[in-house]
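The values are calculated or read from the model by the stated rules, or taken from the named source; none is laboratory data. For clarity, every value in this text was computed on a predicted model and none was experimentally measured. Cβ sites come from the backbone with ideal geometry, for glycine too, and all protein chains shown count toward neighbours. For the accessible areas, the whole protein counts, side chains as well, though only heavy atoms, and no ligand, DNA or RNA atoms are used. Shrake-Rupley method; radii C 1.70, N 1.55, O 1.52, S 1.80 Å.
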Amino acid sequence: MPYDYIIVGGGSAGCVLANRLSEDPTIGVLLLEAGGGDEHPLFRMPAGFAKMTKGVASWGWSTAPQKHLDGRVIWYTQAKVIGGGSSINAQLYTRGNAKDYDAWVTDAGCEGWGYRDVLPYFKRSEDNQRLVNAFHAYGGPLGVSYPINPPPISFAFLRAAQEAGIPFNDDFNGATQEGIGHYQLTTRDAERSSTSSAYLKPIHSRRNLKVRTDATTLKIIIEKGRAVGATIGGPGGTETLRADREVIVSCGAIGSPRLLQLSGIGPADALEAAGVPVVHDLPGVGGNLQDHLDLYVICECTGDHTYDRIAQPHRTAWAGLQYLAFKTGPVTSTLFETGGFWYADPEARSPDIQFHLGLGSGIEAGVAQMRNPGVTLNSAFLRPRSRGTVRLASVDPAAAPLIDPNYWAEEYDRVRALKGLRLAREIMRQPALKPYVMAERLPGPESESDEALTLYAYRSCKTDHHPVGTCAMGNGPDAVVTPDLRVRGIDGLRVVDASVMPFVPSSNTNAPTIMVAEKGADAILGRPPLPAAVL
Ligand SMILES: Cc1cc2nc3c(=O)[nH]c(=O)nc-3n(C[C@H](O)[C@H](O)[C@H](O)COP(=O)(O)OP(=O)(O)OC[C@H]3O[C@@H](n4cnc5c(N)ncnc54)[C@H](O)[C@@H]3O)c2cc1C
């Protein structure tokens, strides 16, 4: 069957598109994924993500030295596996704040992407195991549920946050985002619900959909201003594949601007510097990179209150058996299942800090374990003003891209991030956590001044893995795609993934990406958008 659509990148967005575009059996769809399959059981186990992020399932990239972080180079995991980020992430299901999407309309000109417009698409994707109301639905492909058996320390954390003045919230994706609580997770029946397992597996028998893993797209083929196919490389050499209707790029916020630039679409000066012939000068490609930078407090526990000791072989074996036999125990935990949203800036339009309680201390790369198990409280400033870039190091499609998030280029971001870190500290010092927490180890009591905390942040900060914005949608001069996700100036080519978000949502980014793909599928098929929500 000839292909109508070629989707490049089988990640969070690409798998959603593959499902929706192939619903009509007369439409031929090809999904190309550079990574392999997700058969390994660790992909299914909620706790498995801790093992997957640096191994076979990622591209192995790092950032450029960060000018405003004392030259730090930060490991920058991006998924390389079917399901993409949704197959290796921490499974937190958060959508951001309603005002985020309204700002896409008012500040970036993305007509049709206001909160009331996108809410029906969040709901269309959702199979919520507990909630049905104006904000939630069941029956969609994506499993969403609450943690199965959070340990007592996570309940003590909820009490401590309330002692620190942050109210309890049972649904960050409902009427109010602010507060502290257990996260909803993209899990169903104690298994990860990735877009591969939720959107692809149930339709594996569709004859009009072909999924090819281990197929890296080297270039989009452009003929007379129109995208007509893709050149791929894989174990069998290079191959050219053609699409009758459209090529859709869904390679993620790093991969999509990278592939467009490898195909000669991007800012002419950057392409020339990398030695790539310019096909279409599109200045916004690879610009506007936004991400959440993560800081954290690590405390030593008074006893065995977290999962640090599960790494001991006999306990790993027991936890595995418990999971396989009863679907209970530590393996059902995503390790980051409690947290919430609060304010660094009390005047902010909506919460600008997110907390993730990590049920261990070894979870953060490079942190040596303590004598007792540890507990981590991460804090991230959610609406950074710094903007970075994704550029090519060379014309070689195998070369790693130059990823420069340019963290803390704006002083505004540093000041608010440090406030978030201080808030995290304050929560961990509250009476409710006293029976569980012996002492703060990082940054440590000696680090009190802003200067000391800044130096600590330089050494220890990390990415929250939420890059967006590098093929931004909008109507300004740097917009790469239109609000119906067409690449400006090239026919038959769209981008549908996290890269099209003009501003990073005030949350994790998997659910927003899935929403973008659900809505993008309707645009591609020429269907009218779902009616706006009435709230
Ligand atoms: C370690 C980690 C933890 C995270 N935790 C959370 C979380 O708990 N909750 C949350 O909401 N978000 C989380 N995120 C973020 C979220 O998963 C991403 O925002 C989301 O997956 C982005 O989806 P995407 O479709 O844009 O890109 P991806 O899911 O990254 O998909 C892009 C796909 O394209 C493929 N690809 C790239 N280039 C090519 C090419 N040239 N040819 C063929 N294929 C190609 C890649 O291999 C990849 O599979 C996390 C991300 C990471 C990496």
Every residue from the range 242-257 that is in contact with a Lys or Arg (Cβ under 9 Å, 6 or more places away or on another chain) and assigned to a strand (DSSP E or B): GLU246, VAL247, ILE248, VAL249
Pair list, Cβ < 9 Å and 6+ apart or interchain, from the range 479-501 residues that are free of Cβ contacts under 8 Å to residues at least 24 places away in the same chain and away from the ligand (no atom under 14 Å from the Cβ) to residues that are open to solvent by 10 Å² or more (accessible area, probe 1.4 Å) and polar (S, T, N, Q): THR482/ASN475
GLY112 vs. criteria more than 19 Å from the chain's Cα centre (by Cα) and at positive phi: yes
The range 204-216 residues that are under 15 Å from CYS251 (Cα atoms) and free of Cβ contacts under 8 Å to residues at least 40 places away in the same chain, paired with ones that are open to solvent by less than 60 Å² (accessible area, probe 1.4 Å) and within 16 Å of the ligand (Cβ to nearest atom) (beta carbon under 7 Å, 6 or more apart): none
Where VAL228 falls short, out of the listed (1) in contact (Cβ under 8 Å) with a residue 24 or more places away in the chain; (2) touching a helix residue (DSSP H, G or I) at 6+ places or on another chain (Cβ under 9 Å); (3) open to solvent by less than 30 Å² (accessible area, probe 1.4 Å): (2)
Residue match in the range 145-164 (condition: at pLDDT 95 or above, closer than 23 Å to VAL375 by Cα, assigned to a strand (DSSP E or B) and open to solvent by less than 10 Å² (accessible area, probe 1.4 Å)): no
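Residue by residue, here is whether (1) over 22 Å from LEU433 (Cα atoms); (2) without any contact (Cβ under 8 Å) to a residue 60 or more places away in the chain holds:
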site: ALA268; (1), (2): yes, yes
site: GLY275; (1), (2): yes, no
site: LEU282; (1), (2): yes, no
site: HIS292; (1), (2): yes, no
site: ARG315; (1), (2): yes, yes
site: THR328; (1), (2): yes, no
site: SER333; (1), (2): no, no
site: THR338; (1), (2): no, no
Test for ILE254: is it hydrophobic (A, V, I, L, M, F, W, C), in contact (Cβ under 8 Å) with a residue 60 or more places away in the chain and more than 11 Å from the ligand (Cβ to nearest atom): no
So PRO277, is it more than 15 Å from the ligand (Cβ to nearest atom), part of a loop (DSSP other than H, G, I, E, B) and touching a Gly at 6+ places or on another chain (Cβ under 7 Å): yes
Contacts under 7 angstrom Cβ, first residue in the range 236-247 being open to solvent by 40 Å² or more (accessible area, probe 1.4 Å), partner modelled with pLDDT under 95, 6 or more apart: ASP244/PRO2
Test: residue in the range 506-513 that is within 10 Å of the ligand (Cβ to nearest atom), under 24 Å from THR94 (Cβ atoms) and either small (Gly, Ala, Ser) or assigned to a strand (DSSP E or B) (or both): yes
Residues within the range 283-305 that are open to solvent by less than 30 Å² (accessible area, probe 1.4 Å) and over 25 Å from the mean Cα position of the chain (by Cα), tallied: 4
Answer residue from the range 56-96, given it is more than 14 Å from the ligand (Cβ to nearest atom) and assigned to a loop (DSSP other than H, G, I, E, B) and is farthest from ASN19 (Cα to Cα) among those: ASP70
Members of the range 512-535 found to be of a type outside the set (D, E, K, R) and more than 17 Å from ASP102 (Cβ to Cβ), listed by number: THR513, ILE514, ALA517, GLY520, ALA521, ALA523, ILE524, LEU525, GLY526, PRO528, LEU530, PRO531
Residue identified as open to solvent by 60 Å² or more (accessible area, probe 1.4 Å), away from the ligand (no atom under 15 Å from the Cβ) and over 28 Å from GLN322 (Cα atoms) among ARG188, ARG207, ARG130: ARG207
Test for ASN169: is it more than 16 Å from the ligand (Cβ to nearest atom), at pLDDT below 95 and within 30 Å of GLN430 (Cα to Cα): no
Wholly within the range 385-496, strands (runs of 3 or more DSSP E) carrying at least 1 residues that are among the charged types (D, E, K, R) and open to solvent by less than 10 Å² (accessible area, probe 1.4 Å): 493-495
First in the range 392-408 and within 13 Å of LEU271 (Cα to Cα), second anywhere and open to solvent by less than 20 Å² (accessible area, probe 1.4 Å) and aromatic (Phe, Trp, Tyr), Cβ under 9 Å, 6 or more apart: PRO401/TRP61
Residue within the range 102-114 that is away from the ligand (no atom under 14 Å from the Cβ), modelled with pLDDT of 95 or more, over 30 Å from ALA348 (Cβ atoms) and of a type outside the set (Ser, Thr, Tyr) present: no
The range 33-55, residues that are surrounded by fewer than 20 Cβ atoms within 10 Å (Cβ to Cβ), near the ligand (Cβ under 10 Å from one of its atoms) and assigned to a loop (DSSP other than H, G, I, E, B): THR53, LYS54
Count of residues meeting criterion [more than 9 Å from the ligand (Cβ to nearest atom), β-branched (Val, Ile, Thr) and part of a strand (DSSP E or B)] in the range 1-32: 3
